[in-house]
Amino acid sequence: MKNQRYQNCFLGFGLVVLAIMVTQLDYDEVWQGISQTGYWFAAVVVLWAFLYIFNTTAWWLIIHAPTSHDTGKEGTILLAEKGQRVSFPWLYKITVSGFALNYATPGGLMGGEPYRIMELAPHIGTERATASVILYVMTHIFSHFWFWLLSVVLFLLTKPIDVATGLLLVAVTAFCALGIWFFVVGYRRGLAVRAMSVLGYIPFIKGWAQRLIEQRREQLDDIDRKIAALHRQNPWTFIGCVLLELACRVCSALEIYFILLVLMPAPDYLDCVLILAFTSLFANLLFFFPLQLGGREGGFLMSAVGLGLTTSAGIFVALVVRLREIVWTAIGLLLIKLPMR
C-alpha cells in the first residue's frame, strides 16, 4: 500500500507538470509541424522505443554485474543477490517511467531516480537499489562527457575553425576533461558520501544532508563500496555500460536525421551528431528547467545555424523533438501504473 501511495504521488506530480508543458504549446504551430513531418514523426517516436533498450541494458548489467569480493569468491552478484534477478521487460518499464519523471522535474534527477529506487528496493533491497541507480546515473552522465569530447574531435576533423570557434572548443574540452576526471575518481572511491557532503553546503537542505550522513553513514559507505567494486573488480561490465550509453547518444542523432529528411533530400549524419552534441551540452547546462524548456530550443537553433542550416530548420527540429519528448513523457507516466513483474 505504501508503494502504491508513492506511485500515485509520482504519477500525479508528473501529470500536473506535463499538463503545464502542454498548455505552453502553440497548437497551430504544433499541428503544422506534425502535418509537415508526416510519417517521419511516427518514426521519431518509435525510434525512442529502441533507444531506451540501450539505457535499460546498461542498468540491467549494473544490477547483475558478476564480481569477486575480497574473500576471493568468484561469480557473486554485485547488486542483486543470487535468486534476485530482475526481469528485463519490467526494468524497461521502470527506465522509461524514470526518464519521463526526469523530463518533467525541475532539477532533472529529483524525480526519476527516487522513483527507480522505490520500485527496485522491494526486489534487491534499498541499499543495493540505491547503489545501482547511482551507478547508472553516473554512467549515463559519464557517457555524455565522452560524447561531447568526441564531438569536439569530430568537429575538428570535419569543419573549418576560426578563433572564436577554437576558443569555444578549448572551453568545452576543458569542461569535459574535468567532468571525466571527477567521475573516474567517483568510480574508484565511491560518490554517495561525497555527493551528500556537497549537499551539506547548500542552503535550505544542508541540515537535512548533514543529518542523513550522520544517521546513514554505514549505509552510504556500503553504497560507495559497491560503486567502487564495479569499476575495480569488473571493468568490462563498466566499459560495456559506458559504450552502450555512448552508442545510445550516437544513435539518437537519427532523430534529427529523420526530421531533416523532411526539409532536405540528404542531410549529413555527422552534422546531426554535432547538432545533438551541442544542443545536449547547452540544455544540460540549464538542467534546472523542467523539460529543459528554452535551453533545448536555443541549443537547436544555435547549433543548426552554426552548421550552415537555416534558422527555420533549427526551429522546426526543436519543435518536433519537443513533441516527441512530450509523447514519451506521457507514455512513461502511464507506465507507472502498468502492473508488471
Expected single match for at pLDDT 70 or above and either in contact with a Gly (Cβ under 8 Å, 6 or more places away or on another chain) or among the small types (Gly, Ala, Ser) (or both) among Ala209, Ala195, Ala177 is Ala177
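Matching residues to (1) under 22 Å from Ile336 (Cβ atoms); (2) open to solvent by 40 Å² or more (accessible area, probe 1.4 Å); (3) modelled with pLDDT under 90:
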site: Gly125; (1), (2), (3): yes, no, yes
site: Ile134; (1), (2), (3): yes, yes, yes
site: Leu156; (1), (2), (3): no, yes, no
site: Lys159; (1), (2), (3): no, yes, yes
site: Leu167; (1), (2), (3): no, yes, no
site: Ala171; (1), (2), (3): no, yes, no
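Mind checking which residues of region 89-104 are touching a residue at least 60 places away in the same chain (Cβ under 8 Å), open to solvent by 30 Å² or more (accessible area, probe 1.4 Å) and within 13 Å of Trp59 (Cα to Cα)?
Let us first name the residues in region 89-104 that are touching a residue at least 60 places away in the same chain (Cβ under 8 Å), namely 89-90, 93, 96-101, 103-104.
Applying the additional criterion that residues be open to solvent by 30 Å² or more (accessible area, probe 1.4 Å) yields 89, 103.
The one that is touching a residue at least 60 places away in the same chain (Cβ under 8 Å), open to solvent by 30 Å² or more (accessible area, probe 1.4 Å) and within 13 Å of Trp59 (Cα to Cα): Pro89.
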Of the numbered conditions (1) at pLDDT below 80; (2) surrounded by fewer than 18 Cβ atoms within 10 Å (Cβ to Cβ); (3) part of a helix (DSSP H, G or I); (4) not hydroxyl-bearing (Ser, Thr, Tyr), Gly240 satisfies every one except a single condition; which is it? (1)
Report, ordered by the first and then the second residue, all pairs with beta carbons closer than 7 Å, sequence separation of six or more or different chains, a first member in region 144-173 that is under 15 Å from Ala277 (Cα atoms) and among the hydroxyl-bearing types (Ser, Thr, Tyr), and a second member that is open to solvent by 70 Å² or more (accessible area, probe 1.4 Å) and assigned to a helix (DSSP H, G or I). Thr158/Leu270
Taking Val184 as the residue in question, decide whether it is surrounded by fewer than 22 Cβ atoms within 10 Å (Cβ to Cβ) and in contact (Cβ under 8 Å) with a residue 12 or more places away in the chain. no
Against the definition (of a type in the set (Val, Ile, Thr), modelled with pLDDT of 70 or more and loosely packed, with under 15 Cβ neighbours inside 10 Å), how does Ile227 come out, yes or no? no
Per the filter on region 310-321, residues surrounded by fewer than 21 Cβ atoms within 10 Å (Cβ to Cβ) and modelled with pLDDT of 80 or more are Val321
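The values are calculated or read from the model by the stated rules, or taken from the named source; none is laboratory data. Source: prediction; values computed, not measured. No Cβ is skipped: glycine too gets one built from the backbone with ideal geometry, and neighbour counts run over all protein chains shown. Protein only, heavy atoms only, side chains kept; ligands, DNA and RNA dropped before computing areas. Shrake-Rupley method; radii C 1.70, N 1.55, O 1.52, S 1.80 Å.
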